[in-house]
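The values are calculated or read from the model by the stated rules, or taken from the named source; none is laboratory data. Values in this document were obtained by computation on a predicted structure and should not be read as measured data. Note: ideal-geometry Cβ built from the backbone for every residue, glycine included; neighbour counts use all protein chains shown.
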Amino acid sequence: MRRFLFIFGTRPEAIKLAPLILQLREIGNVSVCVTGQHREMLDQVLRFFSITPDYDLKIMTQGQTLFTVTTRALGSLEGVIRKDRPDLILVQGDTTTAFAGALAGFYSRVRVAHVEAGLRSFNKASPFPEEMNRILAGHLADLHFAPTKAARLNLLKENIPAEQVHVVGNTVIDALLMGLGIIGDDERGFHEYFRAVDFSKRIILVTGHRRESFGRPFDSICRALREIAKEDVQIVYPVHLNPVVRSHVFPLLGDTRNIHLIEPLEYSHLIWLLKKCHLVLTDSGGIQEEAPSLGKPVLVMRDVTERIEGIRAGTALLVGTDRKKIVSSAKTLLHDGVVYSRMARKKNPYGDGKAAARIRDIIRRMKWKSR
Ligand code: UD1
Ligand code: UDP
């Protein structure tokens with residue numbers, strides 16, 4: 001039996017790798033190493049998908065820097081890989097854990113597979129440091145699972161050998177469908193959880209956490225939300241645990257009656273809210289990918305996005321962090337039914353829920369040359 005070692009550390013990586021962990025257990029011995037780059041937000045996902053890590057590096061510190069995350073992860077991964085002796089290491093996306101995991105695999109001369117490969121904004125400064133993390137992870141990897149054709153083309157343009165690149169869809173849609181299946185139709189617990197929210201009004205789901213927006217852009221986002229809150233809506237904002245995010249959001253939005261600042265949500269609660277909401281304002285990569293499956297228009301509060309498929313399909317709009325632009329785009333969607341229904345289409349360019357099974361089949365058929 002082949003040995004597979006998953007290395008991940010944050011909430012989105014855990015969500016997107018959970019379906020693949022289940023699939024690879026069918027064809028080999030799976031070990032899970034979490035760096036613990038995130039703690040509470042990672043543990044929420046591990047609980048929801050019933051994943052118990054074999055290794056937990058517990059690296060998170062409050063207000064950690066990119067240096068400490070990288071060095072603490074890399075330092076501990078050497079011993080994990082030596083002990084686990086995997087045939088294949090799997091990393092996901094563009095976090096610092098993903099980069100450190102790919103580098104650790106490369107240094108250990110173990111094959112590395114990169115899941116959600118090939119996303120590019122073509123701007124080193126945005127998203128920061130994710131654009132460089134995914135480029136570096138991609139060039140360290142030996143096997144690339146691209147979610148879309150555009151992602152595959154990006155890799156080919158960087159001279160990644162075509163035979164190493166497979167277009168499989170994004171595993172986030174697998175996770176979303178699994179999650180929707182697990183929560184089913186029973187609404188009672190959710191209404192109780194969100195009892196402060198008035199569901200007779202239109203709900204706007206908001207998330208925001210990107211480093212390149214810290215400072216003025218984040219304040220401008222918050223001022224936009226205050227203005228949108230003058231409409232007859234309920235804004236629900238699960239606030240990321242990053243202290244920098246919280247230091248912007250709570251002082252600027254904490255006293256607005258119809259803005260609900262809540263703690264990061266369990267995945268089940270997030271997707272339930274996504275189902276119930278009218279509109280999404282976010283800078284999150286994962287939420288941009290999930291929302292079109294539920295027919296929810298997304299205003300992307302970033303200057304660039306690597307998720308261009310949603311923009312091209314017309315289900316997402318890139319509005320940046322400018323207050324006026326965010327407000328006017330949100331108001332258009334609240335008041336213009338034609339524009340709203342054009343964006344609220346249930347059509348997902350990112351995947352069909354079968355990405356993890358495709359990856360499993362590709363790995364099962366792989367020829368394992370010795371190294
Ligand atoms: C990280 C990723 C980002 C991803 C995001 C998902 C990097 C460089 N960034 O950013 O790509 O979009 O995760 O959410 O890899 N914290 C807690 N508990 C938690 C999680 C975070 O307290 O469960 C706080 C800690 O103070 C921590 C800080 O948030 O130091 C920042 O966490 P970090 O992982 O460095 O950055 P994120 O902004 O979460
Ligand atoms: N998510 C969640 N609870 C929340 C906010 C987000 O479970 O309170 C999920 C969301 O559905 C998506 C993923 O977390 O699958 C996205 O994570 P995040 O926005 O932190 O990171 P990004 O995708 O931007 O890297």
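General remarks:
- Some residue of region 23-41 being assigned to a helix (DSSP H, G or I), within 15 Å of ligand 2 (Cβ to nearest atom) and surrounded by 18 or more Cβ atoms within 10 Å (Cβ to Cβ): yes
- Residue among PHE122, PHE128 that alone is within 16 Å of ligand 2 (Cβ to nearest atom) and surrounded by fewer than 19 Cβ atoms within 10 Å (Cβ to Cβ): PHE128
- Single unsatisfied condition, LYS230 versus (1) within 20 Å of the chain's Cα centre (by Cα); (2) outside any helix (DSSP H, G or I): (1)
- Selection within region 243-272 - within 14 Å of ligand 1 (Cβ to nearest atom) and surrounded by fewer than 20 Cβ atoms within 10 Å (Cβ to Cβ): PRO243, VAL244, VAL245, ARG246, SER247, GLU263, PRO264, GLU266
- For region 158-168, the criterion of being assigned to a loop (DSSP other than H, G, I, E, B) and within 20 Å of the chain's Cα centre (by Cα) is met by at least one residue.
- Checking ILE51 against (1) touching a residue at least 12 places away in the same chain (Cβ under 8 Å); (2) more than 20 Å from the chain's Cα centre (by Cα), the condition it does not meet: (2)
- Boolean, ILE311 is surrounded by fewer than 20 Cβ atoms within 10 Å (Cβ to Cβ) and of a type in the set (A, V, I, L, M): yes
- Residues within region 14-26 that are more than 21 Å from ASP352 (Cβ to Cβ) and touching a helix residue (DSSP H, G or I) at 6+ places or on another chain (Cβ under 9 Å), tallied: 1
- Residue in region 280-287 that is closer than 22 Å to LEU17 by Cα, within 16 Å of ligand 1 (Cβ to nearest atom), at pLDDT 95 or above and in a loop (DSSP other than H, G, I, E, B) present: yes
- Matching residues in region 298-345 - criterion: being more than 28 Å from ASN170 (Cα to Cα) and in contact with a Lys or Arg (Cβ under 8 Å, 6 or more places away or on another chain): ARG323, LEU334
- Criterion (among the basic types (Lys, Arg), closer than 18 Å to ALA151 by Cβ and away from ligand 2 (no atom under 14 Å from the Cβ)) met by exactly one of ARG312, ARG342: ARG312
- Consider region 48-82 and keep the residues that are surrounded by fewer than 14 Cβ atoms within 10 Å (Cβ to Cβ) and part of a helix (DSSP H, G or I). The one that is farthest from ligand 2 (Cβ to nearest atom) is ARG82.
- Subset of region 323-364 (residues that are within 23 Å of the chain's Cα centre (by Cα) and either of a type in the set (Asp, Glu) or part of a loop (DSSP other than H, G, I, E, B) (or both)): ALA344, ARG345, LYS346, LYS347, ASN348, PRO349, TYR350, GLY351, ASP352, GLY353, LYS354
- Of the residues making up region 199-227, those that are closer than 19 Å to LYS296 by Cβ, in a loop (DSSP other than H, G, I, E, B) and more than 16 Å from ligand 2 (Cβ to nearest atom) are PHE199, SER200, LYS201.
- Number of positions in region 185-232 that are crowded, with 20+ Cβ neighbours inside 10 Å and at positive phi: 0
- The numbered conditions (1) part of a helix (DSSP H, G or I); (2) within 12 Å of ligand 1 (Cβ to nearest atom); (3) under 30 Å from LEU177 (Cβ atoms) are all true for ASP94 except (1).
- Hits in region 217-243 (condition: farther than 19 Å from ILE271 by Cα and either free of Cβ contacts under 8 Å to residues at least 40 places away in the same chain or of a type in the set (S, T, N, Q) (or both)): ASP219, SER220, CYS222, ARG226, ALA229, LYS230, ASP232, ASN242
- Residue that is among the aromatic types (Phe, Trp, Tyr) and surrounded by fewer than 21 Cβ atoms within 10 Å (Cβ to Cβ), where the choices are PHE99, PHE106, PHE145: PHE106
- Failed condition for LEU176, given (1) in contact with a strand residue (DSSP E or B) (Cβ under 9 Å, 6 or more places away or on another chain); (2) in contact (Cβ under 8 Å) with a residue 40 or more places away in the chain: (1)
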